[in-house]
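Beneath this line is the structure, given in structure tokens, with notes to follow.
The values are calculated or read from the model by the stated rules, or taken from the named source; none is laboratory data. Given the structure is predicted, the values throughout are model-derived calculations rather than measurements. Don't worry about glycine lacking a Cβ; one is built from the backbone with ideal geometry, like all the others, and counts go over all protein chains shown.
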Amino acid sequence: MSHTGYRILHTSDWHLGNTLHDHSRIEEYRSFFAELKKIIVSNEVDALLVSGDIFDTGAPSNAALELYYSFLTSLNGSCCKNVVVTAGNHDSPATLNTSRALLELLNVRVVATPDAQNQFRNEVFALPSEDAPQVIVCAAPYLRDAALQASLDNEKFETDEQFVRAGTKAHFAKLQKLAVELREKLGKNLPIVAMAHLYAAGASPSENADDTEYSIVGNLENIGSEIFPPVFDYVALGHIHRPQKVAGEERIRYSGSPLPMGFDEARSRSEVLIVDLEQGKAPVVRPMGLNLPRKLVTISGTDLSEIRGKIAVQDKETPGAWVRVRFTGAGSVGSLRQNLADDFERTSLELVQAEYAARVDNSQAALGEERDLSEFSPTEVFERRLESAESKFDQDPDLKTRVELAFQEILKSVQEGMVD
């Protein structure tokens, strides 16, 4: 498919190494990468942009690293002459930087750490090169506190929320200035693309993911889209796993994660975005749907008979799917997994998770032994503990708000410390 101008493919949030209740997803990722390369080649993509959360943890397994390097290596010699990879909040900058120099030999540019000493100039560059520029990229990784503070020139703020928002705005203002300067130096009205890994105001994390480990904590990172003025022709966002426009703007997009990170993120739509950029023209964005190699489905029922009937139907509709069973009736029937083991044995489905949905009181989420503390997100545990202590806030209503804000700040600090 020939084209004029410059064509990029925007993706993000791969989370390589992700497992689902100890079930490996390596084969799903292999299938995704095979499809991604096919899309790149058949659409003659010039550059691949990956906006953060390459890996699921800061210390990825050898299998996850092998997937990463094998895919990037496979693009060598293809139509895709450039790749830009930025770090997300799940990534360890040190891990990504380990192979940075080597990957540069394959025209893969890794931006894991903002270079404050050089005024963040490592984040702004021309593609495919300054000798033959067609687009300018402002590739910002996930901005941790040190980068935010440097962007603010050490200005102080009363709250963490003000600090994050002001620091992010200041950072992209600096990148915008550098990009415009580079465009003037090159003497061409080149399109400018921004890459960012953040939570943009108005974005919807997922259709049904209020309490997953990937949900956003509070509004500490809720950044207004006004930090991306029209000088940025396209904004390639990562961090939110649901593909969507931001503030209704065609040019500001989340590509979403290629695979759902859990049953609460299972959805019908999984995609990457192809963007055509040309001097003096608005970008043309085309979503490219992905074929999920494995379906994640939830079967709910008020009794075992209803659940068993749905298992048989689901086996015909989505053979090979991974299943979460949710018992929504009153009382308990013992171990759901044991009760349903024979039913699943007769199908191609695999029971991955089984849980009771009924609440017994304000401090416990489930009746059965199938879901233990390890299956709750930190936010969910905190909220349930907060509910059980509700009466303690009667004399001081503001105390609950202060406790919630303190928890958000502590969790944010712990999460960043885990990947630094």
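When Phe263, Phe327 are checked against the criterion of being buried (at least 17 other Cβ atoms within 10 Å of the Cβ), touching a residue at least 40 places away in the same chain (Cβ under 8 Å) and assigned by TED's automatic domain parsing to the domain that holds Ala357, a single residue qualifies: Phe327. Out of segment 168-207, which residues are in contact with a strand residue (DSSP E or B) (Cβ under 7 Å, 6 or more places away or on another chain) and of a type in the set (Lys, Arg)? Residue satisfying the conditions is Arg183 alone. Within segment 133-170, the residues that satisfy the criterion of being under 16 Å from Arg109 (Cβ atoms) and assigned to a loop (DSSP other than H, G, I, E, B) are Pro133, Gln134, Ala140, Pro141. Just one residue in the set Val41, Val85 is under 26 Å from Leu148 (Cα atoms), among the hydrophobic types (A, V, I, L, M, F, W, C) and free of Cβ contacts under 8 Å to residues at least 60 places away in the same chain; that residue is Val85. Filtered by the rule that a residue be in a loop (DSSP other than H, G, I, E, B), touching a helix residue (DSSP H, G or I) at 6+ places or on another chain (Cβ under 7 Å) and at pLDDT 95 or above, segment 76-90 gives Ser78, Cys79, Cys80, Ala87. The residue of segment 221-275 that is farthest from the chain's Cα centre (by Cα), among those that are of a type in the set (Ser, Thr, Tyr) and closer than 17 Å to Asn18 by Cα, is Ser270. Determine if segment 290-297 includes at least one residue that is under 30 Å from Thr4 (Cβ atoms), touching a residue at least 24 places away in the same chain (Cβ under 8 Å) and buried (at least 17 other Cβ atoms within 10 Å of the Cβ). Among the residues of segment 290-297, at least one is under 30 Å from Thr4 (Cβ atoms), touching a residue at least 24 places away in the same chain (Cβ under 8 Å) and buried (at least 17 other Cβ atoms within 10 Å of the Cβ), which makes the answer yes. For segment 178-204, the tally of residues that are without any contact (Cβ under 8 Å) to a residue 60 or more places away in the chain and either surrounded by 14 or more Cβ atoms within 10 Å (Cβ to Cβ) or closer than 20 Å to Lys245 by Cβ (or both) stands at 14.
Counting the residues of segment 330-343 that are exposed (fewer than 13 other Cβ atoms within 10 Å of the Cβ) and among the hydrophobic types (A, V, I, L, M, F, W, C) gives 2.
Check whether at least one residue in segment 3-21 is out of contact with any Lys or Arg (no Cβ under 7 Å at 6 or more places or on another chain) and in a helix (DSSP H, G or I), and report yes or no. No, the conditions are met nowhere in segment 3-21. Applying the condition of being within 18 Å of Glu226 (Cα to Cα) and either more than 24 Å from the chain's Cα centre (by Cα) or among the polar types (S, T, N, Q) (or both) to segment 137-173 and asking which residue is surrounded by the fewest Cβ atoms within 10 Å (Cβ to Cβ) yields Gln162.
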